[in-house]
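The values are calculated or read from the model by the stated rules, or taken from the named source; none is laboratory data. For clarity, every value in this text was computed on a predicted model and none was experimentally measured. Using ideal geometry, Cβ is built from the backbone for each residue, glycine included, and neighbour counts are taken over all protein chains shown.
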């Protein structure tokens with residue numbers, strides 16, 4: 001059996017790695033999670049553990065960090081097997097060609113990773129579904145296996161290793177997921193590509209039973225000091241037949257305040273009333289662009305202005321705070337268009353207006369559209385670890401749009417500042433703008449996630465290297481990347 005060191009570089013629980021760790025242990029392997037941030041010595045900790053496999057789950061941009069860590073470790077331990085999984089390898093499996101990478105996992109990873117661990121003892125590693133790898137100097141690839149249909153059969157995520165880190169050990173908010181897959185096809189998201197990848201491989205949108213989710217929360221609550229619950233699903237409210245029985249059970253058996261993801265065009269009074277009754281204190285949904293044409297024709301969102309206004313009205317009526325996801329730097333977008341995004345957020349009085357710079361990630365239709373318009377392929381390795389900084393797509397007004405992203409929260413929450421902000425964003429990018437953004441980012445994180453100031457300072461210090469330029473590419477800047485679910 002194999003020993004898996006699963007490494008991450010954010011000081012927060014990672015549901016993907018926790019599910020993987022639990023599954024590997026059920027299959028007889030040893031698995032442990034390590035965090036590589038300032039104040040830890042993950043390299044030495046991994047060395048002391050002595051893994052057979054060094055594994056990473058990474059998004060595009062964070063793959064720079066994963067490759068760097070793997071190179072440093074493998075330089076001292078060349079026998080270790082390096083495995084990359086997560087969104088970036090799934091949509092850009094060609095990363096397996098990097099000399100330090102031995103295998104990449106495309107799609108869901110529990111079964112494939114466990115099979116790899118067993119095959120490393122002397123089996124055939126070239127025929128494992130979902131895996132790409134190298135053999136005899138040549139790259140091989142395998143199709144994906146059928147999707148797991150019975151999610152209740154999976155073990156609950158393994159949260160134990162986070163107890164070794166003071167911040168995560170004392171965390172009073174815990175995240176859970178009730179299902180897998182998103183039925184919608186927004187073209188800035190890779191869900192549509194995953195749907196195609198798994199066509200004919202089983203039902204894509206799957207739910208755990210309500211009782212299974214409640215039992216996990218109950219067990220976590222009995223072991224850790226949980227005060228708030230977060231649901232990390234793409235859209236918690238997508239299936240009413242599942243939702244209402246779940247909310248009734250949650251209210252009866254758990255009763256903790258919770259945060260959830262919604263989609264504006266699915267929101268109605270029956271749902272909002274049930275969320276409030278069950279203890280929901282905050283929701284988040286995607287606005288993306290304040291220009292309905294851009295939102296639906298360019299981004300394929302399928303959400304009208306009226307959907308947004310009505311969702312906001314209902315959340316205000318039932319006193320549920322809500323956040324919005326927004327983007328700038330969209331194809332064909334002008335500064336005036338971007339200010340329409342500011343204005344719709346100000347009009348609905350969003351409590352937590354988040355804004356990012358569009359990053360055309362591998363596997364998205366928006367990337368293919370931009371490449372077709374440019375007549376060339378976009379760089380992959382120039383995408384940084386954050387969607388809060390700069391765009392790899394340059395345009396006539398892109399600098400002003402990048403600057404506006406830094407002021408977005410202020411422009412929404414204090415509309416009187418909008419004329420001043422219009423003038424400020426014409427200036428060259430500078431550290432002061434980044435400081436303003438980081439202060440607004442921290443303020444929202446404190447209010448929405450109920451993180452106190454001292455914990456926020458600890459988190460910032462531990463993750464501070466993510467605010468610096470990526471060593472892989474000059475200009476690939478990063479701030480801690482929240483695993484957003486856009487609904």
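Points worth noting:
- Any hit, region 329-337, residues being part of a strand (DSSP E or B) and either modelled with pLDDT of 95 or more or over 25 Å from the mean Cα position of the chain (by Cα) (or both): no
- Residue check for residue 247: under 21 Å from residue 151 (Cβ atoms), touching a residue at least 24 places away in the same chain (Cβ under 8 Å) and part of a helix (DSSP H, G or I): yes
- Of the residues screened, residue 208 is one that is assigned by TED's automatic domain parsing to the domain that holds residue 241 and on the phi < 0 side of the Ramachandran plot.
- Scanning region 251-264 for residues that are in contact with a strand residue (DSSP E or B) (Cβ under 9 Å, 6 or more places away or on another chain) and part of a helix (DSSP H, G or I) yields a single hit, 264.
- Of the numbered criteria (1) touching a helix residue (DSSP H, G or I) at 6+ places or on another chain (Cβ under 7 Å); (2) assigned to a loop (DSSP other than H, G, I, E, B); (3) surrounded by fewer than 21 Cβ atoms within 10 Å (Cβ to Cβ), the one residue 381 fails is (1).
- Residue list for region 270-291, restricted to those being in a helix (DSSP H, G or I) and in contact with a helix residue (DSSP H, G or I) (Cβ under 6 Å, 6 or more places away or on another chain): 272, 274, 278
- Condition check for residue 331: assigned by TED's automatic domain parsing to the domain that holds residue 208 and either buried (at least 18 other Cβ atoms within 10 Å of the Cβ) or closer than 26 Å to residue 183 by Cα (or both): yes
- Filtered residues of region 201-216 (kept if closer than 18 Å to residue 90 by Cβ and assigned to a loop (DSSP other than H, G, I, E, B)): 201, 202, 204, 205
- Matching residues in region 107-142 - criterion: being under 25 Å from residue 62 (Cα atoms), over 25 Å from the mean Cα position of the chain (by Cα) and part of a loop (DSSP other than H, G, I, E, B): 142
- A single member of 41, 14, 9 is more than 23 Å from residue 131 (Cα to Cα), within 17 Å of the chain's Cα centre (by Cα) and not assigned by TED's automatic domain parsing to the domain that holds residue 362, and it is 9.
- Residues within region 339-365 that are within 20 Å of residue 392 (Cα to Cα) and out of contact with any helix residue (DSSP H, G or I) (no Cβ under 8 Å at 6 or more places or on another chain), tallied: 1
- The residues on offer are 164, 159, and the sole one that is in contact (Cβ under 8 Å) with a residue 24 or more places away in the chain and not assigned by TED's automatic domain parsing to the domain that holds residue 197 is 159.
- Pick from region 420-444, criterion crowded, with 16+ Cβ neighbours inside 10 Å and more than 26 Å from the chain's Cα centre (by Cα), ranking: farthest from residue 326 (Cα to Cα): 424
- Scanning region 154-176 for residues that are assigned to a loop (DSSP other than H, G, I, E, B) and over 15 Å from residue 33 (Cβ atoms) gives 154, 170, 172.
- Positions within region 113-131 being touching a residue at least 24 places away in the same chain (Cβ under 8 Å) and crowded, with 22+ Cβ neighbours inside 10 Å, in sequence order: 113, 114, 116, 117, 130, 131
- Test result for residue 326, closer than 22 Å to residue 192 by Cβ, surrounded by 22 or more Cβ atoms within 10 Å (Cβ to Cβ) and assigned by TED's automatic domain parsing to the domain that holds residue 186: yes
- Where residue 181 falls short, out of the listed (1) within 21 Å of residue 92 (Cβ to Cβ); (2) in contact (Cβ under 8 Å) with a residue 24 or more places away in the chain; (3) more than 21 Å from the chain's Cα centre (by Cα): (3)
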